[in-house]
1. Could you work out the local net charge near W29, counting Lys and Arg as +1, Asp and Glu as -1, over the other residues with Cβ closer than 12 Å to its Cβ?
2. What is the extension gain from Q99 to D210, computed as 0.36 nm multiplied by their sequence separation minus the C-alpha to C-alpha distance, in nm to one decimal?
3. Can you compute the helix-only [θ] at 222 nm over the chain? Use -39500 (n - 2.57) per DSSP H run of at least 4 residues, normalise by all residues, nearest 500 deg cm²/dmol.
4. At 1.4 Å probe radius, can you tell me the per residue accessible area of the chain in Å²?
5. Any chance you could list P(r) for segment 128-186, counting all Cα-Cα pairs in 5 angstrom bins from zero, rounded to whole %?
6. According to the Kirkwood expression over distinct Cα-Cα pairs, how big is the hydrodynamic radius of the chain, in Å?
7. Taking a spot 7 Å from the Cα of D127 along the direction of its beta carbon, which residues of segment 163-186 have an amide N less than 16 Å from it?
8. Rounded if a/c is under 1.5, else prolate if a/b beats b/c, else oblate: with a ≥ b ≥ c from the C-alpha gyration tensor eigenvalues square-rooted, which is segment 106-263?
Amino acid sequence: LHEGCNYRVKIVSAATGKPLPSGRVWFGWTDLPREYHADERGVVEIGGLGVDDWYFVVAADEHGIQFKKIPPQSLGSTTELTFKLGPGGDLVGVVRTDQGDPVAGARVSASPTEGGMTPGYGRLMTDASGRFRLRNLPVGVELRISAGKKEHTGVSKNVAIGEKETTLDLLCKPRPYGGDCIVTVLDPNGDPIADAAVQNTGNSTADHRDAVTDDEGQGRLVNLFESYSGHRVFVRAKGFIPQKLNVDPGTADDPSRVTVTLQPGKTLTGQPHAGRQTCTARACLLQRGRTSVDTGRSGRHRSEGKFHIDGLPEQSTLTVYTPSHCAPINDLPVTAG
């Protein structure tokens, strides 16, 4: 353990300049589930943070949420920050289907209209009546309010928050049936490959359909998701180079059919080193760039840091997810044997 970075955050009213004892601080884009509370001076003392970018999210009763990205500071330093909070308002509403039925358990969030990697102004789930209330939103700012639920189409609206309670109804329709597709997976000799993984993915990591091929090399994908690039299907089998393709789904009674022929892949074995010491890291080989959902393979031997990855094209790209004390290895061209 070593001394971390320290922060002293002062939270005041933008209108009066007076401290806000109800102020609180938490962080966006982090696994730290911490919330820090101000004292009677409106000051929050935070210590022991790592050297990293931190998204400070600051709120207080009856005031609008603010967030700000703070660049890395030196170990042992104390950084003074002041947040001047303007008035806040509440957004209340209900999420319904196109038939007028309430959608319980829908995810509702408020974020900047310009998008980007920011923490957002809050998120919650609708209650049994499909209702929600987002508190402490900045007044006079147009926000993007989004709602979604599994097996429903998502919806977003831009809304300007007023000083009084702002209301909004959102339409979140049940997703129409996406159609079925039977994928047959063969080797170069035309023989079926059993136990191949067949996956269809949508635009969210939560949206995927999975199947495993049987002894005849067939796997059925049911109720497919459509992504921005169409109905994507990924096919993977041990020892073979993965493939990605787009399909046109049929119906539940008359599914479409596609045949995929996988080519045998190569193997790469290695071990990262940090100077003279071995480095326990996870290696990922990708056919194109860093997007592991395309045709990525990864492997790691936990005890010694060795990796063994099969089913690769001869020319691949290596990425090594290293420990924090080592520099990352990104997009290194390698030849698998």
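The values are calculated or read from the model by the stated rules, or taken from the named source; none is laboratory data. Since the model is a prediction, treat every value here as computed from it, not as a measurement. Heads up, the Cβs are rebuilt from the backbone with ideal geometry, glycines too, and the neighbour counts pull from every protein chain shown. What goes into the accessible areas is simple: the full protein's heavy atoms, side chains included, and nothing from ligands, DNA or RNA. Shrake-Rupley method; radii C 1.70, N 1.55, O 1.52, S 1.80 Å.
1. Here the charged neighbours net out to -2.
2. So the chain would gain 36.9 nm between Q99 and D210.
3. Result for the chain, helices only: 0 deg cm²/dmol.
4. Here the per-residue accessible area is 54 Å².
5. So the P(r) values, bin by bin, are 4, 14, 20, 18, 13, 9, 7, 5, 4, 4, 2, 1, 0.
6. Radius from the Kirkwood sum: 24.0 Å.
7. 168
8. prolate
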